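Just below is one structure, and these are the notes that go with it.
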Amino acid sequence: MSVAELEATDIAFEAPSGLWRDAWWRLQRNPGAIVGFAFVLLFVVCAVFAPWLAPHKPLDQDLSLLGAGGVPPGPSAQHWFGVDTLGRDELSRILYGARLSLIVGVVAVAVGLSVGILLGSIAGYVGGFVDSIVMRVMDVMLAIPGLLFAIGVVAVLGPGLFHIMFAVGVTQIPIFARLLRGSVLAQRENDFVLAARSVGVPRRVILFSHILPNAISPVIVQGTLALATAIIDVAALSFLGLGDQDPSRPEWGAMLTDANQYLQTAPFLAIIPGLAIVVSALGFNLIGDALREALDPKLRGRT
């Protein structure tokens, strides 16, 4: 065996082949990614298994637990996170609130991702007048702060669970559209695209079978970051009273609103939901940053 063959064998053992396999290999060695996956796994487990993990029903009230003046007591052996102003177990409400935040975040990002991918791919590949129209609309949407835009959409449609899903999803559309448009523009002049055009492959097939699979990596990274933004936006809308109006479904932002009058006497009512929002958003941000480092050749040296 020659020296070149030996070196090729060593390189094959050192690192896996393929973009996604190589990215996964790097993620496993990234401390930030490990912490992020741990936070997200905790968040998902709490959301999925809330009925089995919660020690009490989220709506069960016991006013006898409240102290003088209706002040809720702090954490105890019976109620690890204490109880709220109506004597409901705070831990149970946090667990059920994770379910609502996960559902709303995933649906909102799915709305923004699906529409953004469609608009970005068409604008980037077709170009010309279509590109100008789509991008000017996206520029107008980006000119409005995301949370303010979501507040305006909910104000028009009215408060409610499905309305905040739609509102938060709409704010994500221009981000995904501009990002994918840039990736498509970078890919559409590559040799494999020119070769497909030369043999008469339909433009639709070139876009969805050749360009998009090679341009989707930045969008996937942005999707993980958008989940963190969606969770924060949903909590903010609920904090402002524009979220889910059904009191039977606990929500972290609404729990913060209920704690406004008890910040001095019972600060745990605001600290615990706030920490839940921070931990879940931080987990997705850490994963997104690690994915960006693993998929971007310019940043791979960091990990």
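Taking just the alpha-carbon atoms of the chain, what radius of gyration and Dmax come out, in angstrom?
Cα-based Rg and Dmax for the chain come out at 23.8, 85 Å.
With a point put 7 Å past each Cα toward its Cβ, work out how far residue 106 is from residue 85 in nm, to one decimal.
3.3
Using only Cα atoms and rounding to the nearest 10 degrees, what angle (0 to 90) does helix 146-157 make with the longest principal axis of the chain?
70
For region 171-303, which whole-number percentage of the solvent-accessible area (1.4 Å probe, protein heavy atoms only) is attributable to carbon and sulfur atoms?
Answer for region 171-303: carbon and sulfur cover 59 percent of the accessible area.
Would you mind counting up the charge near residue 79? Only other residues with Cβ under 15 Å from its Cβ, with Lys and Arg at +1 and Asp and Glu at -1.
Local charge sum for residue 79: -2.
Across bins of 5 angstrom width beginning at 0, how are the C-alpha pair distances of region 101-149 distributed, in whole percent?
5, 19, 20, 24, 17, 10, 5, 2
Beta carbons within 10 angstrom, averaged per residue: use that to sort the peptides 260-267, 78-85, 135-142, highest first.
So the order, starting with the most tightly packed, is 78-85, 135-142, 260-267.
In square nanometres and to one decimal, what's the mean projected area of the convex hull around the Cα atoms of region 210-259?
Mean projected area for region 210-259: 4.6 nm², to one decimal.
Taking every pair of distinct Cα atoms and averaging 1/r, then inverting, what Kirkwood hydrodynamic radius in Å comes out for region 59-98?
Computed over region 59-98, the radius equals 10.0 Å.
Based on the Cβ-Cβ distance from residue 126 to residue 282, what FRET efficiency comes out when R0 is 41 Å, to the nearest 0.05?
The value I calculate is 0.60.
If you take the Cα atoms of region 25-77, find Rg, then find the Kirkwood Rh from the mean of 1/r over all pairs, what is Rg/Rh?
So for region 25-77, dividing Rg by the Kirkwood Rh gives 1.25.
Note down the relative contact order for region 173-303 as a percent, whole number, built from C-alpha pairs under 8 angstrom at least six residues apart.
22
For region 41-166, take every pair of Cα atoms, bin their distances at 10 Å starting from 0, and report each bin as a whole percent.
11, 25, 24, 20, 11, 7, 2
Which one of 232, 133, 34 has the biggest mean-square fluctuation once the chain is modelled by GNM with Cα springs under 10 Å?
It is 133.
How many Å² of accessible area per residue for region 156-303, probe 1.4 Å?
On a per-residue basis, 47 Å².
Can you give the alpha-carbon Rg of region 121-222 over 2.2 N^0.38 Å, where N counts its residues?
1.30
Test of understanding: what is the full-extension gain from residue 197 to residue 214, defined as 0.36 nm times their sequence separation minus their Cα-Cα distance?
Extra length from residue 197 to residue 214 when fully extended: 4.5 nm.
Within the P(r) computed for region 119-172, what percentage of the Cα pairs occupies the region above 16 Å?
Every Cα pair in region 119-172 considered, those over 16 Å come to 50 percent.
Quick one: length gained pulling residue 42 to residue 189 fully straight, 0.36 nm per residue minus the C-alpha distance?
The span from residue 42 to residue 189 would gain 48.6 nm if fully extended.
Testing the spin-label approximation: label points 7 Å from Cα along Cα→Cβ at residue 22 and residue 140. State their distance in nm.
For residue 22 paired with residue 140, the spin-label model returns 4.2 nm.
Cα-Cα pairs above 27 Å in region 177-303: how many percent?
Of all Cα-Cα pairs in region 177-303, 46 percent lie more than 27 Å apart.
Using only DSSP helix segments of four residues or longer, with each worth -39500 (n - 2.57), what per-residue ellipticity at 222 nm results for the chain after dividing by its residue count and rounding to 500?
Rounded to the nearest 500, it is -22500 deg cm²/dmol.
The values are calculated or read from the model by the stated rules, or taken from the named source; none is laboratory data. Bear in mind the structure is a predicted one, so any value in this text is a computation, not a measurement. Every residue, glycine among them, receives a Cβ derived from its backbone with ideal geometry; neighbour counts consider all protein chains shown. Side chains included, ligands, DNA and RNA excluded: accessible areas come from the protein's heavy atoms. Shrake-Rupley method; radii C 1.70, N 1.55, O 1.52, S 1.80 Å.
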